[in-house]
Amino acid sequence: MKTVLITGASRGIGEQIARAFSTNGYNVIINYNKSEERAKKLGEELNAPIFKADVSKFDQAKALVDFAVEKFGKIDVLVNNAGIALPQKVLQEVTEEEFDNIVAVNLKSTFNCSKLVIDLMISNGGGSIINISSIWGQVGASCEAVYSMTKAGVIGFTKSMAQELALSNIRVNAVAPGFIKTDMNAHLSNEDIDDFLQCVPLNRIGSTEEVAQAVLFLASDQASYITGHVLNVNGGMN
Ligand code: NAP
């Protein structure tokens, strides 16, 4: 049985990724940071262990990976999903503290968890790492410059790690969602959403399930010749 470690799996896209992998027969490790009740509920639903860790902190990410190995002996798939956005604002209003925080959560966590699983995957004969980027990391967004910067960074990291780890039989890919209805964008009004949909050829917002299925595919043997790829799940935006 394969094991998947999903960061930020207490809510939103990560929660649905956990469900998709569980349904497909994986051992699932659910990481959360603040949403303990949500994580507990999901853990009970999926009969999966949960572990609190702020994955932007190396020592906590290490404790998470150690926990996964203790539970299941190996990690076959890592999904670097944990992420935050800042309130939308012009760059002059972004504080240094906000910058440091979003870079830590969106980028350093991906570095931390990837670094920590690589030797485990190598000794296990291979594995798959999937990083969650965003459409904004590809095309940029006004008033979301730092978020976009982190998500573009995820793509650069994905492509580099894919090259570095190919001979170790570790595939590294990214999923770049468009607008997916979660807590992250719950503050947007229906009017904001309608405006946004003007740029979405499929003319609707996406579901967490649609992102989860893309992640599941990239982790599967059906994607065995795919590495360094960014899979868009965005309704046709470009
Ligand atoms: P969400 O509903 O706000 O959920 C964020 C998740 O990340 C929560 O489970 C949260 O856990 C976790 N998290 C945040 N900081 C963490 C930390 N330091 N350590 C561990 N976990 C942490 O957001 P979402 O929409 O599902 O977003 C998931 C990913 O998709 C993010 O990387 C986001 O950038 C990306 N994305 C989202 C969209 C979209 O439209 N929603 C579009 C493109 C990309 P706790 O609540 O337990 O702290």
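Rule-based calculations on the coordinates, nothing more; no lab input. Treat the numbers as computed from the prediction; the structure is a model and nothing was measured. Cβ sites come from the backbone with ideal geometry, for glycine too, and all protein chains shown count toward neighbours.
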- Nearest-0.05 FRET efficiency for GLU36 and MET237, computed from C-beta distance (R0 30 Å): 0.30
- Task: Please report the base-10 log of the normalised intensity I(q)/I(0) for the stretch 48-100, using a Debye sum with one equal scatterer per alpha carbon and no solvent, at each q in 0.20, 0.21, 0.23 (1/Å).
- Result: -0.79, -0.84, -0.93
- Item | Estimated [θ] at 222 nm from DSSP helical runs (n ≥ 4, -39500 (n - 2.57)) normalised by residues in the chain, nearest 500 | -14000 deg cm²/dmol
- In angstroms, what radius of gyration and Dmax does the stretch 161-207 have, counting Cα atoms only? 16.6, 49
- Can you list the equivalent-ellipsoid semi-axes of the stretch 120-190, largest first and in whole Å, using the square root of 5 times each Cα gyration tensor eigenvalue? 30, 14, 8
- If you wrap a convex hull around the Cα atoms of the stretch 57-171, how much volume per residue is inside, in Å³? 92
- Query: Between VAL172 and residues 5 or more places away or on another chain, which pairs have amide H atoms under 5 Å apart, with H built 1.01 Å from N, and which residues are they?
  - Reply: ILE129, GLY228
- Task: Between ILE130, ILE193, ILE13, find the one with the highest GNM mean-square fluctuation for the chain; connect C-alpha pairs within less than 10 Å.
- Result: ILE193
- Task: Starting from the Kirkwood radius over alpha-carbon pairs of the stretch 1-115, derive D by Stokes-Einstein at 25 °C in a medium of 0.890 mPa s and give it in µm² s⁻¹.
- Result: 170
- log₁₀ I(q)/I(0) of the chain at q = 0.09, 0.15, 0.16 Å⁻¹, via Debye over equal Cα point scatterers, no solvent, to two decimals? -0.34, -1.00, -1.14
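Percent of alpha carbon pairs in the stretch 5-63 separated by more than 13 Å?
Tail fraction, whole percent: 52.
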- Message: Skipping prolines and chain starts, which residues have an amide H placed within reach, meaning under 5 Å, of the one on VAL233, given they are 5 or more residues away or on another chain?
- Response: ALA176, GLY178
- Highest GNM mean-square fluctuation, the chain, Cα pairs closer than 10 Å: which of PRO49, PRO201, PRO177? PRO201
